[in-house]
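Asks: There's a structure below that I have some questions on.
The values are calculated or read from the model by the stated rules, or taken from the named source; none is laboratory data. From a predicted model like this one, the values you see are computed outputs, not experimental measurements. FYI the Cβ positions are ideal-geometry reconstructions off the backbone, even for glycines, and counts take in every protein chain you see.
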Amino acid sequence: MNHSEIKKLPDEKKAINWVGALFLTLSPIAAILFTAMHLYLDGFIWEIWAVAILFYGMTASGITGGYHRYFAHRAYECRPWLKWYWALTGAAAFQNSVFVWARDHRMHHRFVDSDLDPYSIKKGFWWAHFGWMLFKETEHALTVAEPYGRDLKRDSVVKFQHDHYVALAIGLGLLLPTIIGGVFGSAFGGLAVIGFARIVALHHATFFINSACHWWGKQTYTDVNSARDSLIMAVATFGEGYHNFHHIFASDYRNGIRWYHWDPTKWIIQIFRMVGGAYSLRTTPQAEIIKAQLQMDAKRLKERIHPQWQMQVQTQLDSLKVRVEAAYTRFEQVREEYKRYKTISAEKMEEIREQLRQAKAEFREALRQWREYQTYVLRTVPVTS
Ligand SMILES: [Zn+2]
Ligand SMILES: [Zn+2]
């Protein structure tokens with residue numbers, strides 16, 4: 001890590017955030033101790049574990065689909081009932097109010113990797129994961145952050161949730177699990193498993209987005225910031241692991257853009273669209289995504305080869321790139337035509353379908369040649385690493 005890159009803030013001593021620090025350090029102890037005691041006293045009550053998994057899914061998506069993709073990035077629009085649902089499930093995750101969370105997260109995107117990034121990875125893995133929450137934000141940081149929370153402040157749901165955050169978090173995150181546990185035979189088991197164990201597991205899964213997702217993985221679309229794409233992290237973080245994509249196209253409601261990319265948050269938002277809660281889901285035009293990826297491929301390749309070959313390789317890359325982009329444009333045009341003519345004669349449809357097949361094949365071929373050329377260069381040209 002290059003520490004000289006950190007944009008310096010005025011030297012202000014950071015005060016310890018005692019409430020946050022105590023909760024973050026004591027809750028894992030409570031989770032382990034209480035769960036062990038519950039298992040010893042009551043044995044395995046499967047209903048409690050099933051509800052804990054359900055609660056985990058609901059509160060995890062409250063953070064990823066609600067706090068993150070809706071409140072922080074406005075990647076789609078919500079009906080009021082869905083907004084309330086996100087605000088309440090998010091509160092039960094014990095990750096502070098929507099207002100603070102989303103404002104800090106916008107700062108993270110805007111000032112990523114600098115001193116104004118609240119969880120800058122340049123300050124180390126553990127700072128980004130955990131350390132930053134042990135301290136209060138300085139006056140200066142709060143002043144800079146103020147405009148990033150202005151619209152949130154005007155939102156009545158956000159305001160209510162912020163004003164009653166502690167009561168909502170304790171009520172929904174600890175008390176409700178205790179009551180549910182009681183229904184299934186152990187109130188203490190509910191508190192231990194559905195409450196503390198679920199909160200702590202979700203805490204660290206979320207914290208991984210700030211630490212591991214800026215540490216391990218591939219920089220598929222850009223290397224101007226430290227965010228990385230990783231399938232393992234996507235599995236661990238409810239789909240937020242395609243973090244390199246997310247940092248460059250933050251207003252896209254998806255993080256995993258392919259249908260097979262592991263992104264449960266995206267699927268949950270799609271389900272809410274089907275039932276009418278979410279609408280105007282924003283996506284990045286595929287052509288822009290391809291452009292960014294090709295640019296990054298070319299940059300990475302050029303960095304690896306000896307400087308005297310770079311010009312020649314660049315020329316060839318440029319022409320291959322033009323072919324890929326043109327093939328994709330053609331494919332999109334035919335696809336649009338296909339959608340438009342869907343209702344006309346079967347004969348015309350068959351003709352357009354054939355054109356679509358050809359356009360798809362040409363795009364795949366252009367992409368294959370693009371990749372093959374990179375392998376060829378790395379095999380035949382002197383590389384620097
Ligand atoms: Zn990030
Ligand atoms: Zn984000």
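Asks: Could you list, in sequence order, the residues of region 38-72 that are outside any helix (DSSP H, G or I) and either among the aromatic types (Phe, Trp, Tyr) or crowded, with 19+ Cβ neighbours inside 10 Å (or both)?
Replies: Phe44
Asks: Still on this model: Does region 214-240 hold any residues that are among the acidic types (Asp, Glu) and under 14 Å from the mean Cα position of the chain (by Cα), and which are they?
Replies: Hits for region 214-240 are Asp229, Glu240.
Asks: Further question: If you go through region 90-99 one residue at a time, do you hit one that is under 23 Å from Phe249 (Cα atoms), out of contact with any Phe, Trp or Tyr (no Cβ under 8 Å at 6 or more places or on another chain) and either assigned by TED's automatic domain parsing to the domain that holds Leu172 or within 14 Å of ligand 2 (Cβ to nearest atom) (or both)?
Replies: First, the residues of region 90-99 that are under 23 Å from Phe249 (Cα atoms): 98-99.
From the residues that got through so far, the ones that are out of contact with any Phe, Trp or Tyr (no Cβ under 8 Å at 6 or more places or on another chain) too are 99.
Filter once more, so that each one left must be either assigned by TED's automatic domain parsing to the domain that holds Leu172 or within 14 Å of ligand 2 (Cβ to nearest atom) (or both): 99.
Yes, because at least one residue in region 90-99 is under 23 Å from Phe249 (Cα atoms), out of contact with any Phe, Trp or Tyr (no Cβ under 8 Å at 6 or more places or on another chain) and either assigned by TED's automatic domain parsing to the domain that holds Leu172 or within 14 Å of ligand 2 (Cβ to nearest atom) (or both).
Asks: Pick from region 327-362 the residues that are small (Gly, Ala, Ser) and in contact (Cβ under 8 Å) with a residue 24 or more places away in the chain: which of them is nearest to Thr375 (Cα to Cα)?
Replies: Ala327
Asks: Right, next: What about Asp252, is it without any contact (Cβ under 8 Å) to a residue 40 or more places away in the chain, within 16 Å of ligand 2 (Cβ to nearest atom) and either of a type outside the set (A, V, I, L, M, F, W, C) or buried (at least 21 other Cβ atoms within 10 Å of the Cβ) (or both)?
Replies: When the stated conditions are applied, Asp252 does not pass them.
Asks: Let me ask another. When you check Ser226 against the structure, is it assigned by TED's automatic domain parsing to the domain that holds His68, away from ligand 2 (no atom under 14 Å from the Cβ), farther than 26 Å from Arg79 by Cα and of a type outside the set (Val, Ile, Thr), yes or no?
Replies: Details: assigned by TED's automatic domain parsing to the domain that holds His68: yes; away from ligand 2 (no atom under 14 Å from the Cβ): no; farther than 26 Å from Arg79 by Cα: yes; of a type outside the set (Val, Ile, Thr): yes.
For Ser226, the condition - assigned by TED's automatic domain parsing to the domain that holds His68, away from ligand 2 (no atom under 14 Å from the Cβ), farther than 26 Å from Arg79 by Cα and of a type outside the set (Val, Ile, Thr) - is not met.
Asks: Out of region 200-221, which residues are away from ligand 2 (no atom under 14 Å from the Cβ) and hydroxyl-bearing (Ser, Thr, Tyr)?
Replies: Across region 200-221, the qualifying residues are Ser211, Thr220, Tyr221.
Asks: Still on this structure: In this structure, is Ala87 farther than 21 Å from Tyr279 by Cβ and in contact (Cβ under 8 Å) with a residue 40 or more places away in the chain? Show your work before the answer.
Replies: On the way: farther than 21 Å from Tyr279 by Cβ: no; in contact (Cβ under 8 Å) with a residue 40 or more places away in the chain: yes.
In short, no.
Yes/no matrix, rows are residues, columns are (1) farther than 19 Å from Gly65 by Cα; (2) within 16 Å of ligand 1 (Cβ to nearest atom):
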position	(1), (2)
Ile209	no, yes
Asn225	yes, yes
Met233	no, yes
Ala236	no, yes
Asn255	no, yes
Arg258	no, no
Met274	no, no
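Asks: Another question about this same structure. Being at pLDDT 95 or above, away from ligand 2 (no atom under 16 Å from the Cβ) and either at positive phi or in a helix (DSSP H, G or I) (or both) narrows it down to one residue among Phe160, Phe245; which is it?
Replies: Details: Phe245 fails: away from ligand 2 (no atom under 16 Å from the Cβ).
Step by step, each of Phe160, Phe245 is checked, and only Phe160 is at pLDDT 95 or above, away from ligand 2 (no atom under 16 Å from the Cβ) and either at positive phi or in a helix (DSSP H, G or I) (or both).
Asks: Separate question: Which of (1) more than 20 Å from the chain's Cα centre (by Cα); (2) surrounded by fewer than 18 Cβ atoms within 10 Å (Cβ to Cβ) does Tyr260 not meet, given it meets every other one?
Replies: Tyr260 satisfies every listed condition except (1).
Asks: What are the residues in region 366-385 that are in a helix (DSSP H, G or I), loosely packed, with under 11 Cβ neighbours inside 10 Å and either at pLDDT 90 or above or in contact with a Pro (Cβ under 9 Å, 6 or more places away or on another chain) (or both), if any?
Replies: Once the filter is applied, which keeps residues that are in a helix (DSSP H, G or I), loosely packed, with under 11 Cβ neighbours inside 10 Å and either at pLDDT 90 or above or in contact with a Pro (Cβ under 9 Å, 6 or more places away or on another chain) (or both), region 366-385 yields only Thr375.
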